[in-house]
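> Got a structure for you, written out below as structure tokens; questions coming shortly.
We did not get these values from a lab; they are worked out from the coordinates using the rules stated. Because the structure is predicted, anything quoted here is derived from the model rather than measured. In this analysis, Cβ positions are derived from the backbone assuming ideal geometry, glycine residues included, and neighbour counts consider all displayed protein chains.
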Amino acid sequence: MDYEAHFKAQIAALHEEGRYRVFADLERKKGAFPRAARHVDGAVSDVTVWCSNDYLGMGQHPKVLEAMREAMERCGAGAGGTRNISGTNHYHVLLEQELADLHQKESALLFTSGYVSNWATLSTLAARLPDCVVFSDAGNHASMIEGIRHSRAECVLWKHNDVEDLDRKMAAIDPARPKLVAFESVYSMDGDISPISDVCDVADKHNAMTYLDEVHAVGLYGPRGGGVAEREGLMHRLTVIEGTLGKAFGVFGGYIAGSAAMCDFVRSYASGFIFTTALPPALAAGARASIQHLKQSQVERARHQERVAKVRRRLEALGIPCMPNPSHIIPVMVKDPVKCKQISDWLLDNYGIYIQPINYPTVPRGTERLRITPSPVHSDEDIDRLVNALSELWSQCALSRVPAAA
């Protein structure tokens, strides 16, 4: 086989379909988020980022940066090994305590990313609960799907956010078998929110564990930033709450929170935890500072929701089709992969606005979109430039508009 020819042909096919992914070479500017410098062929230009998962700008917060500097001075750069072999730093211990407190659980366990925490935990739980059946929401993230697949446990898909379908499918399984219901709170591409209480009701009815991915909700919802489950007073009903430190908390890493026995079980058996180098102490210190701040401060969350509402209102007033949802994510529906990429390129090249196109397989074909994530630090002027640019490009591409919102 001609391996190189095969690789090139597969990449060429992505180009032809309009879904080849190009990485923008950006340099974040400390203290100036959402501003960044874009590097292209030796030239540098300023851009405004509108698609960051650093939802609250905490990656630039003085408390976070100071905590990281202090930890770096005390401990140096790396952790020095896996958690089992000299890599458990006191900052890891303090951060896990902070996370357990955030979610009102007995314990928490750190991982190197949100992807790894999902993959390692789900694969371990489902593989080591004898004859386990996993009930996975059809909209679950790739990390959850891969974890379940790796476990080799039986997996039953239930229709997205459809608790009646979940109930029917759970009723068809032997009541004696262990069961695990895996779902998310905020789904990152459509921005919809799951009916957590109703899912817990069905899970309780069938004596099932519940596993909730809150990566797009922690820091953003609830009086202390514990996520949608905290906002709705449901954290105590969930067996496992999984989250990330790399989105609203602005740093890096993933985690789970739950009972002491469950976290110890995963710690002891999950290869994705056991055999990987621990987070650098400075990252753990920065994440802890971010969580501590957002437990106390409502300013960032309030400003964030106001900015989201304003961007949505402005776009809807111009007939730019936005998928309706109750979250902070604004999907602008282009529904054409080539035009989606063109608009993204034009925004970046001609307006200094960066929004990455979202195409298949991240979303189904025919639902291509620009995923806009306003932050508390986007100004009114930023919003004006974004809305006006999108309106101009919508007309240039002859894309349909929807009736303007009243």
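> Once Lys and Arg get +1 and Asp and Glu get -1 on their Cβ, which of 210, 340, 171 lies farthest toward the positive end of the dipole of the chain?
Result: 340.
> From the square roots a ≥ b ≥ c of the eigenvalues of the alpha-carbon gyration tensor of the stretch 221-369, which class results: rounded (a/c under 1.5), prolate (a/b over b/c), or oblate?
Numbers: a/c = 2.04, a/b = 1.65, b/c = 1.23.
Since a/c reaches 1.5 and a/b is larger than b/c, the shape of the stretch 221-369 is classed as prolate.
> Can you tell me what percent of all Cα-Cα pairs in the stretch 64-118 are more than 16 Å apart? Display every interim value, and only then the final one.
Numbers: 804 of 1485 pairs.
Value for the stretch 64-118 (Cα pairs over 16 Å): 54 percent.
> I've got another one for you. Go ahead and run the numbers for FRET between residue 395 and residue 4, Cβ-Cβ distance against an R0 of 60 Å, rounding to 0.05.
Values: r = 43 Å, r/R0 = 0.72.
Computed FRET efficiency for residue 395 and residue 4 comes out at 0.90.
> Treating the angle as unsigned and between 0 and 90°, give the value, to the nearest 10°, between the Cα long axis of helix 281-296 and the longest Cα principal axis of the chain.
80 degrees
> Just the number, please: Stokes-Einstein D of the stretch 303-406 in µm²/s, Kirkwood Rh from C-alpha pairs, 20 °C, 1.002 mPa s. Don't skip to the answer; put the middle values down first.
Numbers: Rh = 13.8 Å.
Rounded, D is 156 µm²/s.
> A further question follows. Please determine, in degrees from 0 to 90 and to the nearest 10, the orientation of helix 196-205 with respect to the longest principal axis defined by the Cα atoms of the chain, where the helix direction is its Cα long axis.
30 degrees
> Run the simple label-point estimate for residue 350 and residue 201 please: 7 Å along Cα→C-beta, distance reported in nm.
Here the modelled spin labels are 5.1 nm apart.
> Let me have the 222 nm mean residue ellipticity of the chain computed from DSSP H runs of 4+ only, each contributing -39500 (n - 2.57), with the sum over all residues rounded to the nearest 500. All intermediate terms of the calculation are to be shown ahead of the outcome.
Working: 14 runs with 166 residues, N = 406.
Dividing the helical sum by the residues of the chain leaves -12500 deg cm²/dmol.
> Could you tell me the distance between the Cα centroids of the stretch 41-67 and the stretch 363-405, to the nearest Å?
21 Å
> Here's a follow-up. Note down the nm distance, to one decimal, between modelled labels 7 Å out along Cα→Cβ at residue 90 and at residue 70.
It works out to 1.2 nm between the two label points.
> With the cut-off at 18 Å, tell me which of the pairs 63/247; 30/63; 63/105; 247/295 have Cα atoms farther apart than that.
Numbers: 63/247 16 Å; 30/63 13 Å; 63/105 25 Å; 247/295 16 Å.
Those over the limit are 63/105.
> Also, I was wondering about something else. In degrees between 0 and 90, to the nearest 10, how far off the longest principal axis of the chain does helix 260-269 point, with axes built from Cα atoms?
80 degrees
> Any idea what the dipole of the chain comes to, in debye rounded to 20, about its Cα centre with Lys/Arg Cβ at +1 and Asp/Glu Cβ at -1? Walk me through the intermediate numbers first.
Working: 44 positive and 49 negative charges, 78 e Å.
The dipole of the chain has a size of about 380 debye.
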